[in-house]
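Written out below as structure tokens is the structure these notes cover.
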Amino acid sequence: MISKNLKYLKQSIVKAAKRVGRDPSEIKLLAVTKEQSNVIVTEAIQAGMTLLGENKVQEASGKIEVLGRNGLEWHFIGRLQKNKVKFIFDLFDLIHSVDSFSLAEAIHKKAQKIGSCMPILLQINISGEKSKLGINPLNLPEEIKKIAKLEGVKVCGLMTIPPFNSNPENSRSYYVRLRELRDTCSNLNIPRINLNELSMGMSNDYEVAIEEGATMVRVGTGLFGPRST
Ligand SMILES: *Cc1c(COP(=O)(O)O)cnc(C)c1O
């Protein structure tokens with residue numbers, strides 16, 4: 001089931017990339033393993049998945065203890081509480097969901113203490129929905145300039161989650177907006193900042209996201225089937 005889904009996903013990623021003249025190898029598929037058992041995640045790893053995404057520190061910690069980090073990259077995609085920052089260095093290779101200067105600063109401080117540097121993406125709240133995390137796009141240039149000075153974090157790009165809609169075309173304008181924001185901020189030539197990565201697109205709309213420039217798509221149900229909760 002997983003390997004069949006994966007084969008289909010890979011094919012449609014290639015097709016979406018080619019529709020807009022992109023090189024499919026620019027696009028990374030993140031398997032969102034939240035709420036999946038270690039048995040299922042192991043199946044995905046055996047099918048060839050190496051990038052795994054989790055949205056809760058504690059749940060991720062249990063999985064990573066068993067499955068390890070060897071040959072795998074674990075990405076954090078959920079709400080990160082400051083009191084959990086101390087755990088992330090032993091667990092994750094990239095944090096997709098840094099939604100404020102103060103969270104970036106907390107990560108930076110811990111990183112400095114242990115002589116490390118954490119790659120991060122900045123989550124942007126394009127839709128302005130109250131239920132969603134993220135930096136207000138209007139404040140992004142100023143926030144990035146401040147975050148650029150924190151040596152314990154390395155900003156690698158932007159991430160967003162559009163309002164859920166079963167029609168993927170409804171996501172397109174949000175993804176266009178994220179790409180344009182990225183371009184605007186890249187043109188500011190802020191030292192230490194390379195906004196190469198655009199983490200956007202989930203099971204229902206990853207093809208649209210790829211057409212609009214996504215470099216990482218985060219797919220859960222499209223790979224594993226519906227989550228049980
Ligand atoms: C759960 C989740 C996903 C995956 O969602 P699916 O619709 O199952 O593909 C992607 N991104 C984030 C931030 C998530 O929390």
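Just so you know, all these numbers are worked out from the coordinates, no wet-lab data involved. Keep in mind the model is a prediction, meaning the values are calculated, not measured. Cβ sites come from the backbone with ideal geometry, for glycine too, and all protein chains shown count toward neighbours.
Here are some notes:
- For the chain, the longest site-free run once trypsin sites (Lys or Arg not before Pro) in DSSP loop states with at most 15 other Cβ atoms within 10 Å are removed: 1-68
- The region of the chain that goes longest without hitting one of the GluC sites (Glu not before Pro) in a DSSP loop, each with at most 16 other Cβ atoms within 10 Å, is 36-128.
- By the rule of a C-alpha distance below 17 Å, with chain neighbours fewer than 8 residues away ignored, the aspartates and glutamates paired with K145 are D99, E105, D183.
- Additional length obtainable on full extension of the chain from E142 to S102, 0.36 nm per residue less Cα span: 13.1 nm
- Segment 105-119 versus segment 24-78: alpha-carbon centroid distance in Å: 23 Å
- Net charge, L6 excluded, C-beta distance under 14 Å - Lys, Arg +1, Asp, Glu -1: +3
- In plain terms, the residue of Y8, Y174, Y206 with the fewest other Cβ atoms within 10 Å comes first and the most crowded comes last, giving Y8, Y174, Y206.
- Summed side-chain charge close to N38 - residues other than N38 whose Cβ falls under 14 Å, Lys, Arg +1, Asp, Glu -1: -3
- Long-range amide H partners of N55 with built H, under 5 Å: K34, I77
- Projected label distance in nm at T184 and E26, using a 7 Å step from Cα toward the beta-carbon: 2.1 nm
- An oblate overall shape is assigned to the chain, the ratio a/c of its alpha-carbon gyration tensor axes (a ≥ b ≥ c) being 1.5 or greater and a/b not exceeding b/c.
- Only DSSP H runs of four or more residues enter the estimate; each adds -39500 (n - 2.57), and after division by the residues of the chain the mean residue ellipticity at 222 nm equals -11500 deg cm²/dmol.
- Length released on extending from S173 to E73, taking residue separation times 0.36 nm less the Cα-Cα span: 33.0 nm
- Segment 49-55 - phi-based ³J(HN,Hα) in whole Hz, Karplus 6.51/-1.76/1.60, Gly and Pro as x: 6, 10, 9, 10, x, 10, 10
- Efficiency of FRET from Cβ geometry, V66 and S3, R₀ 22 Å, rounded to 0.05: 0.55
- Amide proton proximity set for I135, modelled H, under 5 Å, gap of 5+: Q123, I124, N125
- Beta bridges per DSSP with both ends in the chain, % antiparallel, nearest 5: 0 percent
- In sequence order, calculated HN-Hα J values of segment 167-181 (Karplus, 6.51, -1.76, 1.60; Hz; x Gly/Pro): 8, x, 4, 5, 7, 4, 5, 5, 6, 4, 4, 5, 5, 5, 4
- Candidate lysines for bridging to K63, where Cα separation is under 16 Å - those fewer than 8 sequence places away on the same chain excluded: K34
- Other-chain or far-sequence residues with amide H under 5 Å of G201's (modelled H): R218
- Set K7/K130; K84/K109; K113/K154 screened for pairs whose C-alpha atoms are more than 25 Å apart: K7/K130
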